[in-house]
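The structure appears right after this line, and notes come after that.
The values are calculated or read from the model by the stated rules, or taken from the named source; none is laboratory data. These figures come from a predicted structure and were not determined experimentally. Virtual Cβ from ideal backbone geometry, glycine too; neighbours counted across all protein chains shown.
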Amino acid sequence: MIKLKYFDKVRAAQKSQRPLSEMPPFDIERLRTNGLASRIVGFFFNDPRWALALLRRFKPNLGFGNFLLVTRNADVRDILERGDEFETPYGPEMAELARGSNFILGMQDGAAYRQMKSSVLSAFPPAEVEAKVRPIAARHSRDIMMAASPGFDAIAGLLKILPVHICRDYFGLEIDDESEFADWAIALSALFFSDPTAKPVTRELAVVGGDRLIKVIDRSIDAIREKGQKDQPLARLVALLDQGRLSRPDIHSIMLGMIAGFVPTNVLAGGNCLDVILSRPDARQAIDAALAENDTAKLDRAIMEAMRFKPIWVGPWRYASRDATIARGTRRERLVKAGTVVMPATLSAMFDPDAVQNPNDFDTTRPHRDYLVFGHGIHLCIGAEIARIQIGESLRALFGKEKLRRASGRAGRLSNIGAYPESLKVDFEQPAFCHTVDQSM
Ligand code: HEM
């Protein structure tokens, strides 16, 4: 019988944890799964909308083992609004990797949550993102695409690298190798969000990757002190540390959370979004029209709609902390036993015809309420502004290339390592002068 890791397996793994010095060196390749079972799972998760439509209709709440998948829009929203009964389960591992301090996404509402959230929002104010992050994202995307040739890997060369540039230029982190930094962050995210059965390899990678990231954070704190930096997010956290309002584990926790919330999530969201745009003529047309008109609001709406078709996950994880009833008063009313791991399937909810008009149409004029891409309830994503701008500028630079299309064959298909996009190669026409440069080289 299936038994998901919250929380017995998490506790057992934490107890039998080997010291860091005995763990194999970091190698993201260990996240790769090639067996038949993983290919079947991969096929299902590539576009599970048809299966979710069947469940919504015939078995809206599907339980097996200690797991419950909830598919109707009303129930998904309800669960995400009842945070005291349906807790986020990420806390024990988030606190462990930050060596003692939990992160907001791993906390339930209360004084500690509100205090840390206010520190995070004061260090990373969404209101400054447009002015500060847009120029960084635009410049690096342009530079990367200027140097690109046909056969360019849009994931490894752009969507994975740009978030790291933003971690360096905006967050204020001292980063040596962009790809390696992104891989450490991916390892962390894999443990928190895509390791329901507690695989030892996923844990080992996250522990080693987390240690490397903490070293980067500590080195960056020293550099900020030396340079007297003041107006970057990490510098603001250091100021709170100096005033005694945050501890060093708090800073580790906030920075690990913001790095793991950013880099892997945007690789996933941006990669999936690109895959949708290159697969659906209606999505491609919406992107091309927004870019031709140089209309950023239109571009954002097209991206949001593309993300609805292939969001980062089927849904977030929740844990029933006590017995709770869902869908009360309906035919699907159900008692959820304490200890059940619940997945409110936000992907399914965004295609539920009871709540979303013509859900299968690609429609960029939808009301904001139709979107659960960034979650719902108190844990609603606080990085949505950064994500919007980073993905928008990446796609603007990418589709700035003439006749951009998938490379032929396997290279042009989206491939993953674990749950995260790894490669999708694209071809495009080079302007005539580039051919000359190629020849003279
Ligand atoms: C397109 C990219 C992104 C998507 C699709 C996304 C999605 C989400 C979702 C669904 C949640 C809720 C998780 C849950 O309820 O279990 C969430 C929360 C969160 N996200 Fe994002 N995210 C993205 C980018 C970012 C970025 C760029 C950052 C940081 C720079 C970030 C930081 C966070 C944080 C800190 C939370 C927790 C908020 C809280 O607990 O109050 N995310 N995100």
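Do you know which residues across the stretch 294-328 are free of Cβ contacts under 8 Å to residues at least 24 places away in the same chain, under 26 Å from N360 (Cα atoms) and among the acidic types (D, E)?
Of everything in the stretch 294-328, just one residue is free of Cβ contacts under 8 Å to residues at least 24 places away in the same chain, under 26 Å from N360 (Cα atoms) and among the acidic types (D, E), namely D295.
Of everything in the stretch 150-165 that's surrounded by 20 or more Cβ atoms within 10 Å (Cβ to Cβ) and among the hydrophobic types (A, V, I, L, M, F, W, C), which residue is farthest from the ligand (Cβ to nearest atom)?
Here the answer is F152.
Within the stretch 392-428, take every residue that is of a type in the set (S, T, Y) and within 16 Å of the ligand (Cβ to nearest atom) and give me the one that is surrounded by the fewest Cβ atoms within 10 Å (Cβ to Cβ).
Here the residue is Y420.
Answer yes or no as to whether L335 is assigned to a strand (DSSP E or B), modelled with pLDDT of 95 or more, surrounded by fewer than 18 Cβ atoms within 10 Å (Cβ to Cβ) and aliphatic (A, V, I, L, M).
Criteria met by L335.
Just give me the residues in the stretch 113-147 being in contact with a Leu (Cβ under 7 Å, 6 or more places away or on another chain) and either under 30 Å from R413 (Cβ atoms) or not in a helix (DSSP H, G or I) (or both), in sequence order. I'd like the intermediate steps shown before the answer.
Taking the stretch 113-147 and keeping what is in contact with a Leu (Cβ under 7 Å, 6 or more places away or on another chain), we get 119, 123, 137, 140-141, 144-145.
The answer is A137, H140, S141, I144, M145.
What number of residues in the stretch 148-172 are in contact (Cβ under 8 Å) with a residue 60 or more places away in the chain, part of a helix (DSSP H, G or I) and farther than 13 Å from A397 by Cβ?
8
Would you mind telling me which numbered condition in (1) touching a residue at least 12 places away in the same chain (Cβ under 8 Å); (2) within 21 Å of the chain's Cα centre (by Cα) P125 fails?
All conditions pass for P125, except number (1).
Considering (1) surrounded by fewer than 19 Cβ atoms within 10 Å (Cβ to Cβ); (2) within 24 Å of G375 (Cα to Cα), say which one F192 fails and leave the rest.
(1)
Please work out which residue is farthest from K9 (Cα to Cα), limiting yourself to the stretch 73-112 and to residues that are in contact with a helix residue (DSSP H, G or I) (Cβ under 7 Å, 6 or more places away or on another chain), of a type in the set (A, V, I, L, M, F, W, C) and assigned to a helix (DSSP H, G or I).
Looking at the filtered set, the residue picked out is V76.
Taking the residues in the stretch 311-332 that are out of contact with any strand residue (DSSP E or B) (no Cβ under 7 Å at 6 or more places or on another chain) and of a type in the set (K, R) as candidates, determine which candidate is nearest to Y6 (Cα to Cα).
Across the stretch 311-332, the extreme among qualifying residues is R322.
Kindly evaluate T202 against the criterion of being in a loop (DSSP other than H, G, I, E, B) and either within 20 Å of the chain's Cα centre (by Cα) or aliphatic (A, V, I, L, M) (or both). Break it down stepwise before answering.
Working: in a loop (DSSP other than H, G, I, E, B): no; either within 20 Å of the chain's Cα centre (by Cα) or aliphatic (A, V, I, L, M) (or both): yes.
No, not satisfied.
Which is surrounded by 15 or more Cβ atoms within 10 Å (Cβ to Cβ) and among the charged types (D, E, K, R), of R82, R99? Break it down stepwise before answering.
Numbers: R99 fails: surrounded by 15 or more Cβ atoms within 10 Å (Cβ to Cβ).
None of the other options fit; the residue is R82.
Identify, please: which residue in the stretch 166-185 is under 19 Å from the mean Cα position of the chain (by Cα) and more than 14 Å from the ligand (Cβ to nearest atom) and is, among those, nearest to L205 (Cα to Cα)?
In this case the residue turns out to be W184.
Count, please, the residues in the stretch 338-367 that happen to be away from the ligand (no atom under 16 Å from the Cβ) and either of a type in the set (G, A, S) or part of a helix (DSSP H, G or I) (or both).
3
Mind checking which residues of the stretch 128-149 are surrounded by fewer than 19 Cβ atoms within 10 Å (Cβ to Cβ), within 14 Å of the ligand (Cβ to nearest atom) and either closer than 23 Å to R318 by Cα or not charged (D, E, K, R) (or both)?
I136
So which helices (runs of 4 or more DSSP H) stay within the stretch 220-316 end to end and still have 3 or more residues that are within 15 Å of the chain's Cα centre (by Cα)?
248-279, 296-309
For the stretch 370-393, check the following and say yes or no: at least one residue is assigned to a loop (DSSP other than H, G, I, E, B) and more than 22 Å from the chain's Cα centre (by Cα). I'd like the intermediate steps shown before the answer.
Going residue by residue through the stretch 370-393, those that are assigned to a loop (DSSP other than H, G, I, E, B) are 371-383.
Among the residues that remain, those that are also more than 22 Å from the chain's Cα centre (by Cα) are: none.
Checked the stretch 370-393: no residue is assigned to a loop (DSSP other than H, G, I, E, B) and more than 22 Å from the chain's Cα centre (by Cα).
Here is a check on your reading of the model: is L69 outside any helix (DSSP H, G or I), within 16 Å of the ligand (Cβ to nearest atom) and surrounded by 14 or more Cβ atoms within 10 Å (Cβ to Cβ)?
Spelling it out, L69 is indeed outside any helix (DSSP H, G or I), within 16 Å of the ligand (Cβ to nearest atom) and surrounded by 14 or more Cβ atoms within 10 Å (Cβ to Cβ).
Regarding the stretch 15-22, can at least one residue be identified that is assigned to a loop (DSSP other than H, G, I, E, B), under 26 Å from the mean Cα position of the chain (by Cα) and not basic (K, R)? Before you say what the answer is, go through the steps one by one.
Just the residues of the stretch 15-22 that are assigned to a loop (DSSP other than H, G, I, E, B), to begin with: 16-19.
Next, from what is left, pick out any that are under 26 Å from the mean Cα position of the chain (by Cα): none.
The answer is no, given that none of the residues of the stretch 15-22 is assigned to a loop (DSSP other than H, G, I, E, B), under 26 Å from the mean Cα position of the chain (by Cα) and not basic (K, R).
Answer yes or no: is there a residue in the stretch 428-440 that is of a type in the set (V, I, T) and touching a residue at least 24 places away in the same chain (Cβ under 8 Å). Before the answer, list the steps.
First, the residues of the stretch 428-440 that are of a type in the set (V, I, T): 436-437.
Next cut, touching a residue at least 24 places away in the same chain (Cβ under 8 Å) only: none.
No, the stretch 428-440 has no match at all.
I'd like to know if the stretch 368-391 contains one or more residues that are more than 8 Å from the ligand (Cβ to nearest atom), of a type in the set (S, T, N, Q) and modelled with pLDDT of 95 or more.
No, there is no match, as no residue in the stretch 368-391 is more than 8 Å from the ligand (Cβ to nearest atom), of a type in the set (S, T, N, Q) and modelled with pLDDT of 95 or more.
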